[in-house]
Amino acid sequence: MVQHQRYSQLKNGGDEEAATLVFVWTNRGYYRRRRPKILSFLLLSLLSCGFILAPHFFSFSSALSHLYFFGVQNDGLSGDLDVNAPLCSSISNGSVCCDRSHFRSDICFMKGDIRTHSPTSSVFLYSPKNSDDNVSSTVDGDELQHEKIKPYTRKWETSIMATIDELNLISKRRNSDVDHSCDVIHDVPAVIFSTGGYTGNVYHEFNDGIIPLYITSQQFNTEVVFVILEYHDWWVMKYADILPHLSSYPPIDFNGDNRTHCFTEAITGLRIHDELTVDPILMKNNESIVDFRNLLDRAYRPRITGLIRKAQEKTSGCALATPKRMHNQPKKPKLVILSRKGSRAITNQNILVKAAEEIGFEVHVLRPEPTTELAKIYMELNSSDAMIGVHGAAMTHFLFMRPRYSVFIQVIPLGTDWAAETYYGEPARKLGLKYIGYKISRRESSLVDEYDKDDPVLTDPSSLNQKGWEYTKKIYLERQTVKLDLTRFRKRLLRAYDYITRIHLQSQHLA
């Protein structure tokens, strides 16, 4: 049985088809490995049970078709448009094609005379001369085709999608009386997306935005213009180090810029593969999450060099500067503790620091704030050997650690097992980190002081999770702190220390 809040919500709400899609998507690795056997079994079940099972069969096979489309390399569109659009694998000049088959996001493609019109939240595509005969039907007057899309990567979450601006993609006949003249002509494609929704939470900024933007735009080798709905100056500033490595051009504020921008190709919406990852099978040049991480390294390197130089200049004239390490003194592995305040804080963090130092770690406590510059967080974690943190959005920063060389220890509070593994544990392994999950016991949770020892909150968290996200959030995320059992946790610290020591020795041997 899948322990998944979305699955439970849909199942309990009676939406069997959507629940099936969630189930299959969550377990897509299983179904990919066993697709022939599963399809055979389903076919035999259909033949045996007749029309009674037919609706279920078609719902399930529809879900499998989603997996098939996104597990196979495709030749892509003519030119350089997205290689991962099997439903739009060829698009003619003057046409719009939308691929709505993916569970997580819709994506639409336009090719030809493309012109933005922000006052009507529209992007127009004017048909080539003498090409109207190629269009199968007329929608309304001069309109040949009208598609609507909300270019955000959480398509299944109706509540958050209701907050996303909708864009009209309209193919129409030329009419010199009403055609919008071009104010700015671009000779590179456009990628149109939204920075609304959950933007403001670092997990969602990377998972729903930056990584999908990398996936969608990487094929253009920075020769692409980003057109942003629900544009935020702070978001552009926060990711100012990364964006130039994805696009060589300034981003456009779609709603705030009333000029007509003209393109010959455009992608509306972003491709997303899975939680905090890049699937090389679905990429034009087989890029992976490690390649994305390498891009982060290139993006932040100049800023980090400047920060180091500034720190050296500040301490060079200080008489009380820390003395340099002795030549024969071995370097201690660096452990960073991502510290939280309030919910899911480690209440005995000072004792944890001492225990780690006794084992042999050089311990740094990092308290990232919403205003903390990402380059500074990157500098701290990129130079670390291990990171400890309690499950939450800040665990997204595992992306800043060095693949193969680093250890990520995630403390897993009660009621967060599935989310901790799905959102951070599995993605960390895909990045190449040594991942160690530490599931706390009931006595390590502050909830033991609030509930009777036999209460399901303590004895059966999954039953609470099945009631919906709001229960999980209110009880397990917002009202729980952690007091680590250092006798138990010390074993994880020792495992991390041994791994790091072994990796360092192997690196020295290879050098």
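The values are calculated or read from the model by the stated rules, or taken from the named source; none is laboratory data. For clarity, every value in this text was computed on a predicted model and none was experimentally measured. Neighbour counts are summed over all protein chains in view; Cβ atoms, including those assigned to glycine, are modelled from backbone coordinates with ideal geometry.
Taking segment 452-511 and the helices (runs of 4 or more DSSP H) fully enclosed by it, the elements with 1 or more residues that are out of contact with any Pro (no Cβ under 7 Å at 6 or more places or on another chain), free of Cβ contacts under 8 Å to residues at least 12 places away in the same chain and among the aliphatic types (A, V, I, L, M) are at 486-510. Selection of first residues in segment 138-167 that are surrounded by 14 or more Cβ atoms within 10 Å (Cβ to Cβ) and of a type in the set (D, E, K, R) and of second residues that are at pLDDT below 95 and not in a strand (DSSP E or B), restricted to Cβ pairs under 6 Å at least 6 apart or on distinct chains, gives the following pairs, ordered by first then second residue: ASP142/ARG173; ASP142/ASN175.
Quick test for you: out of ASP417, ASP498, pick the one residue that is out of contact with any strand residue (DSSP E or B) (no Cβ under 8 Å at 6 or more places or on another chain) and at pLDDT 95 or above.
Numbers: ASP417 fails: out of contact with any strand residue (DSSP E or B) (no Cβ under 8 Å at 6 or more places or on another chain).
Every option except ASP498 fails the conditions.
Contact map, segment 420-431: residues that are more than 15 Å from GLY392 (Cβ to Cβ) and not assigned by TED's automatic domain parsing to the domain that holds ASN207 paired with residues that are buried (at least 22 other Cβ atoms within 10 Å of the Cβ) and modelled with pLDDT of 95 or more, Cβ distance under 6 Å, separation 6+ or inter-chain. Pairs shown: LYS430/ILE289; LEU431/ILE289.
Look at (1) touching a Gly at 6+ places or on another chain (Cβ under 8 Å); (2) of a type outside the set (Phe, Trp, Tyr); (3) within 21 Å of GLY342 (Cβ to Cβ) and you find that HIS391 fails only one, number (1). Scanning segment 96-114 for residues that are in a strand (DSSP E or B) and surrounded by fewer than 20 Cβ atoms within 10 Å (Cβ to Cβ) gives a single hit, ASP113.
SER217 meets each of the listed conditions (1) farther than 30 Å from ALA419 by Cα; (2) free of Cβ contacts under 8 Å to residues at least 60 places away in the same chain; (3) buried (at least 19 other Cβ atoms within 10 Å of the Cβ) apart from (1). Within segment 102-121, the set of residues being out of contact with any Lys or Arg (no Cβ under 9 Å at 6 or more places or on another chain), more than 30 Å from ASN207 (Cβ to Cβ) and either of a type outside the set (Gly, Ala, Ser) or not assigned by TED's automatic domain parsing to the domain that holds LEU282 (or both) comprises ARG115, HIS117, PRO119, THR120. Looking across HIS273, HIS245, one residue alone is closer than 25 Å to LEU169 by Cβ, surrounded by fewer than 22 Cβ atoms within 10 Å (Cβ to Cβ), in contact with a Leu (Cβ under 8 Å, 6 or more places away or on another chain) and in contact (Cβ under 8 Å) with a residue 40 or more places away in the chain. It is HIS273. Condition (residue is at pLDDT 90 or above, within 24 Å of the chain's Cα centre (by Cα) and among the acidic types (Asp, Glu)) applied to segment 259-274: is it met by at least one residue? Checked segment 259-274: at least one residue is at pLDDT 90 or above, within 24 Å of the chain's Cα centre (by Cα) and among the acidic types (Asp, Glu).
Can you give me the number of residues within segment 220-242 that are in contact (Cβ under 8 Å) with a residue 24 or more places away in the chain and closer than 29 Å to HIS391 by Cβ? Result for segment 220-242: 7. Scanning segment 429-447 for residues that are farther than 12 Å from PRO413 by Cβ and either assigned to a helix (DSSP H, G or I) or among the hydrophobic types (A, V, I, L, M, F, W, C) (or both) yields ARG429, LYS430, LEU431, LEU433, ILE436, ARG443. Counting only helices (runs of 4 or more DSSP H) wholly contained in segment 151-250, no element carries 3 or more residues that are under 22 Å from the mean Cα position of the chain (by Cα), under 27 Å from GLY94 (Cα atoms) and among the acidic types (Asp, Glu). Taking the stated definitions as given, is THR305 of a type in the set (S, T, N, Q), closer than 20 Å to LEU243 by Cα and over 15 Å from the mean Cα position of the chain (by Cα)? Yes, satisfied. Of the residues making up segment 276-299, just one is loosely packed, with under 15 Cβ neighbours inside 10 Å and at positive phi, namely ASN286. Of note, ILE289 satisfies the criterion of being of a type in the set (Val, Ile, Thr) and farther than 30 Å from ILE114 by Cβ. In this structure, ARG344 qualifies as farther than 17 Å from LEU493 by Cβ and touching a strand residue (DSSP E or B) at 6+ places or on another chain (Cβ under 7 Å).
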